[in-house]
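Here the structure comes first, spelled out in structure tokens, and everything after it is commentary.
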């Protein structure tokens, strides 16, 4: 099925914008059963969010800040994440139609024999200086990532004084080939002491490098490479759209983590820049996938006031985008996981996320049942573009 010429579909992801704990949210941290990023930020002070209100967010999270005298044509609902844990990379891959069903949360300690065997077969010497941490050739640590939820990612870390980044990356690629987790991250930089001096226990029985304490992040020549789980990117929405002749623009963090050789990429972190890129792309049409990252950063910083200010800034950006749409276009506003700034820790929270689908030609307001996976967002966008959603690896249109 070919795409209709001139159609515009915007998928705007508010990073870390959850709307209430999923049933399994407390499996790792019991207190996370109380997570509600949207509700807790709205309760922090009176906010002006007329665009979010008009787009139906108040149907999902009733609140005075979300009242609107002129609701738009919208279909609003909650979506379960559809992948293990709560992770931006996994969230966006799933949202674009990837099947992340085989990616699981896993501690390195539970896979030491398999990882050791793979590294040994690749010609490396492997020791275990501490249970659950591997030292490769005396220079590269393989360990749990302590900066994400336990079991989401593994790292391969090295000091540039001991090993080149290519050497660290080679180890990371060998680990990636057998790792069941979403990402294996290669990190190399400078540290005053051997990295084994900075190994510590983490949450959930993990053990890894305290990377900030090690100093690796502080040097100008820090090198990092994220190796994601193997995916068939040809069955994700950006590639499917591009092959159908739809212009594809990836904005903000989406430009860094989504694959599509034909896409125009506009990486940015500042919310003002992200929204400006989105408005410009909306004038040109096609598929636009935008990630507003600063809300996630506010969640990590446990800064509720900053999160609230950013929601108002995003609301103003939405108010600019809405009049730019024509009949047949779609604006889909959603999240990729939660990041409740009131929860008492700096990790993501496993929450439902909102999905607000605005159709300019409609005045109907519909409350949708809960959907099982973020992949359903990608399938919905595919249908809006006139594409066959079965071309994606996962997802059903809402």
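On the basis of being surrounded by fewer than 24 Cβ atoms within 10 Å (Cβ to Cβ), touching a residue at least 40 places away in the same chain (Cβ under 8 Å) and assigned by TED's automatic domain parsing to the domain that holds residue 340, does residue 22 make the cut? Don't jump to the end; show me each part of the working.
Numbers: surrounded by fewer than 24 Cβ atoms within 10 Å (Cβ to Cβ): yes; touching a residue at least 40 places away in the same chain (Cβ under 8 Å): yes; assigned by TED's automatic domain parsing to the domain that holds residue 340: yes.
Answer is yes for this residue.
Yes or no: residue 271 closer than 14 Å to residue 14 by Cα, touching a helix residue (DSSP H, G or I) at 6+ places or on another chain (Cβ under 6 Å), surrounded by fewer than 23 Cβ atoms within 10 Å (Cβ to Cβ) and in contact (Cβ under 8 Å) with a residue 12 or more places away in the chain?
Values: closer than 14 Å to residue 14 by Cα: yes; touching a helix residue (DSSP H, G or I) at 6+ places or on another chain (Cβ under 6 Å): yes; surrounded by fewer than 23 Cβ atoms within 10 Å (Cβ to Cβ): yes; in contact (Cβ under 8 Å) with a residue 12 or more places away in the chain: yes.
When the stated conditions are applied, residue 271 passes them.
State yes or no: is residue 242 surrounded by fewer than 20 Cβ atoms within 10 Å (Cβ to Cβ), touching a strand residue (DSSP E or B) at 6+ places or on another chain (Cβ under 8 Å) and assigned to a loop (DSSP other than H, G, I, E, B)?
no
Restricting region 196-213 to residues that are free of Cβ contacts under 8 Å to residues at least 24 places away in the same chain and farther than 15 Å from residue 148 by Cα, which is surrounded by the most Cβ atoms within 10 Å (Cβ to Cβ)?
So, considering only residues that are free of Cβ contacts under 8 Å to residues at least 24 places away in the same chain and farther than 15 Å from residue 148 by Cα, the one surrounded by the most Cβ atoms within 10 Å (Cβ to Cβ) is 198.
Out of all the residues in region 57-66, which are touching a helix residue (DSSP H, G or I) at 6+ places or on another chain (Cβ under 9 Å) and more than 18 Å from residue 80 (Cβ to Cβ)? Steps first, please.
Of region 57-66, the ones touching a helix residue (DSSP H, G or I) at 6+ places or on another chain (Cβ under 9 Å) are 57-61, 63-66.
Hits for region 57-66 are 58, 63, 64, 65, 66.
Residues checked against (1) within 14 Å of residue 334 (Cα to Cα); (2) in contact with a helix residue (DSSP H, G or I) (Cβ under 9 Å, 6 or more places away or on another chain); (3) surrounded by fewer than 22 Cβ atoms within 10 Å (Cβ to Cβ); (4) at pLDDT below 95:
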{"site": "44", "(1), (2), (3), (4)": "no, yes, yes, no"}
{"site": "68", "(1), (2), (3), (4)": "no, yes, yes, yes"}
{"site": "85", "(1), (2), (3), (4)": "no, no, no, yes"}
{"site": "90", "(1), (2), (3), (4)": "no, no, no, yes"}
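Quick one: which of 168, 140 is more than 30 Å from residue 248 (Cα to Cα), surrounded by 19 or more Cβ atoms within 10 Å (Cβ to Cβ) and in contact with a helix residue (DSSP H, G or I) (Cβ under 8 Å, 6 or more places away or on another chain)?
Values: 168 fails: in contact with a helix residue (DSSP H, G or I) (Cβ under 8 Å, 6 or more places away or on another chain).
Unique residue meeting the criteria: 140.
With the requirement that a residue be under 24 Å from residue 93 (Cβ atoms) and either modelled with pLDDT of 95 or more or assigned to a strand (DSSP E or B) (or both), what does region 182-201 give you? Talk me through it step by step, then tell me what you get.
So in region 182-201, the residues under 24 Å from residue 93 (Cβ atoms) come out as 182-187.
Residues satisfying the conditions are 183, 184, 185, 186, 187.
Provide a single number: the residues in region 114-124 that are touching a strand residue (DSSP E or B) at 6+ places or on another chain (Cβ under 8 Å) and either more than 15 Å from residue 156 (Cβ to Cβ) or assigned to a strand (DSSP E or B) (or both).
First, pick out the residues of region 114-124 that are touching a strand residue (DSSP E or B) at 6+ places or on another chain (Cβ under 8 Å): 115-116, 119-120, 124.
Cutting the leftovers down to either more than 15 Å from residue 156 (Cβ to Cβ) or assigned to a strand (DSSP E or B) (or both) gives us 120.
Residues flagged as touching a strand residue (DSSP E or B) at 6+ places or on another chain (Cβ under 8 Å) and either more than 15 Å from residue 156 (Cβ to Cβ) or assigned to a strand (DSSP E or B) (or both) within region 114-124 amount to 1.
Can you tell me which residue within region 356-392, out of those that are within 18 Å of the chain's Cα centre (by Cα) and in a loop (DSSP other than H, G, I, E, B), is farthest from residue 8 (Cα to Cα)?
372
Take residue 157 and tell me if it is touching a strand residue (DSSP E or B) at 6+ places or on another chain (Cβ under 9 Å) and crowded, with 23+ Cβ neighbours inside 10 Å. Please lay out each step first, then the result.
Working: touching a strand residue (DSSP E or B) at 6+ places or on another chain (Cβ under 9 Å): yes; crowded, with 23+ Cβ neighbours inside 10 Å: yes.
It is true that residue 157 is touching a strand residue (DSSP E or B) at 6+ places or on another chain (Cβ under 9 Å) and crowded, with 23+ Cβ neighbours inside 10 Å.
Specify which of the listed residues (396, 309) is without any contact (Cβ under 8 Å) to a residue 60 or more places away in the chain, over 26 Å from residue 28 (Cβ atoms) and in a helix (DSSP H, G or I).
Working: 396 fails: in a helix (DSSP H, G or I).
Just a single option satisfies the conditions, and that option is 309.
Only one of these is over 24 Å from the mean Cα position of the chain (by Cα), at pLDDT below 95 and either farther than 21 Å from residue 85 by Cβ or not in a helix (DSSP H, G or I) (or both): 162, 149, 220. Name it.
On the way: 162 fails: at pLDDT below 95; 149 fails: over 24 Å from the mean Cα position of the chain (by Cα).
The match here is 220.
The values are calculated or read from the model by the stated rules, or taken from the named source; none is laboratory data. Treat the numbers as computed from the prediction; the structure is a model and nothing was measured. Neighbour counts run over all protein chains shown; Cβ positions are idealised from the backbone, glycine included.
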